[in-house]
Amino acid sequence: MNLTRVTDRIYYLPGDPETDAPFLYYIRGDNCSAAVDAGQSRAHVQAFYNAIREAGFPLPRYTLITHWHWDHTFGLPYVQGETFASVLTQQKLRAVAGWLWTPEAMAAREQSGEDIPFCTEHIRKAYPDLREIRVQPAETAISGTRVFDLGGVRVQAYARDSIHSRDALMLYVPEESALFAGDADCEDFYRGGEIDPARVEDYTRFVRSLPFRRYFLGHALPVGRPFVMGYLAGMRLRAAKPQLPML
Ligand SMILES: [Zn+2]
Ligand SMILES: [Zn+2]
């Protein structure tokens, strides 16, 4: 599969709903480049790197992880260059590195709520042989903010809460007015699909504070600022809806 060009600086490998593979992004600087997310497996990283090579670009010097979920991180052992994730992502990945990947252990984690059926189901599709799963944290943890200068283009990384998970790394590229959100604006599926009003409020404030025009998602095509602000207004309404009592 080929890279899709968005601008001269931004490209992506599209995701795959079959295995819930996320979009992987390539940000091209004059001196070096960065990747957004490591993908879900060795095969996913290879497909991404083949597409980068075919486009005639160098492999990423930096790989920046948007959050801990398996589809964005299980490719980490196969990534070249330096890898970065938020402090909370690192903590979570260290815990997940100790998980067993047998059908019984996966079923037990679904029972305890540690993992969710949506993930285990797609992990099985991406990994016909579960013994191939390797989990490791990134090399370097980010707390607060950090800037990556790629030459002519910078990536500003913000480690912060999101609607979807507590450990988000939001990536803003000022030269391209581009914000990479991962899955940050989706429900929190590890808390029963919760939409917490305070988290929606905080996330909306953060996103609004950045003068982005292009917004890049984990599992969908890029959208523009008006779409994002409309979507977040909808999330606010859904979050504010009083929960009906169970009858
Ligand atoms: Zn996610
Ligand atoms: Zn995802």
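Treating the beta-carbon of each Lys and Arg as +1 and of each Asp and Glu as -1, no other charges, what is the dipole magnitude of the chain about its Cα centre, to the nearest 20 debye?
Details: 27 positive and 30 negative charges, 114 e Å.
Computed about the Cα centre, the dipole is about 540 debye.
Which Cα, out of 21, 219, 43, lies furthest along the positive dipole direction of the chain (beta carbon charges, K/R +1, D/E -1)?
Farthest along the dipole direction, towards plus: 219.
Explain nothing, just compute: Karplus ³J(HN,Hα) = 6.51 cos²θ - 1.76 cosθ + 1.60, θ = phi - 60°, for every residue of the range 156-170 in order, whole Hz, x for Gly and Pro.
9, 9, 10, 7, 6, 6, 9, 6, 8, 7, 7, 10, 5, 10, 8
With both partners inside the range 136-247, how many of the DSSP beta bridges are antiparallel, as a percent to the nearest 5?
For the range 136-247, the DSSP antiparallel bridge percentage is about 80.
Which order do peptides 122-133, 160-171 fall in by mean Cβ count within 10 Å, highest first?
Highest to lowest by the protection proxy: 160-171, 122-133.
Would you work out which of 150, 100, 189 lies farthest towards the positive end of the dipole of the chain, given +1 charges on the beta-carbon of Lys and Arg and -1 on that of Asp and Glu, about the Cα centre?
150
Taking amide hydrogens as modeled 1.01 Å from N in the peptide plane, which residues meet the under 5 Å criterion relative to residue 83, leaving out close sequence neighbours?
63, 139, 140
Nearest 5 is fine: what % of DSSP beta bridges in the range 21-146 come out antiparallel, could you say? All intermediate terms of the calculation are to be shown ahead of the outcome.
On the way: 4 of 13 bridges.
Bridges in the range 21-146 that DSSP calls antiparallel: roughly 30 percent.
Please compute the net charge surrounding residue 21, taking Lys and Arg as +1 and Asp and Glu as -1 over other residues with Cβ under 12 Å from its Cβ. Working shown, then result.
On the way: positive: 125; negative: 16, 18, 20, 37, 71.
Counting the neighbours of residue 21, the net charge comes to -4.
Near the amide H of residue 21, under 5 Å away, which other amide H atoms are found, from residues 5 or more places off or on another chain, if H is placed in the peptide plane?
Hits under the 5 Å cutoff: 16.
Give, rounded to the nearest 20 debye, the magnitude of the charge dipole that the range 1-139 has about its Cα centre when Lys and Arg contribute +1 at Cβ and Asp and Glu contribute -1 at Cβ. Present the calculation step by step, with values, prior to reporting the outcome.
Numbers: 13 positive and 17 negative charges, 70 e Å.
Once rounded to the nearest 20, the dipole reads 340 debye.
Whole-Hz Karplus ³J(HN,Hα) for the range 54-70, in order, using 6.51 cos²θ - 1.76 cosθ + 1.60 and θ = phi - 60°, x for Gly and Pro?
Result, ordered by residue: 4, 6, x, 9, x, 5, x, 6, 10, 10, 10, 9, 6, 5, 6, 4, 3 Hz.
For 64, 217, which order do you get if you count the other beta carbons within 10 Å of each Cβ and list the fewest first?
217, 64
Based on DSSP H runs of at least 4 residues, each adding -39500 (n - 2.57), what is the mean residue ellipticity at 222 nm of the chain after dividing by all its residues, to the nearest 500 deg cm²/dmol?
Taken over the chain, the calculation gives -9500 deg cm²/dmol.
Where does each of 116, 10 land when they are ranked from fewest to most other beta-carbon atoms within 10 angstrom? Could the numbers behind the result be given before it?
Numbers: 116 16, 10 22.
Going from sparsest to densest Cβ surroundings: 116, 10.
Out of all DSSP beta bridges with both ends in the chain, state the antiparallel percent to the nearest 5.
In the chain, DSSP labels about 70 percent of beta bridges as antiparallel.
Every number here is computed from the coordinates shown, using simple stated rules; none is lab data. If you're wondering where the values come from, they're calculated on a predicted model, not measured in any experiment. Reconstructed Cβ throughout: ideal geometry from the backbone, glycine too, with neighbour counts over all protein chains shown.
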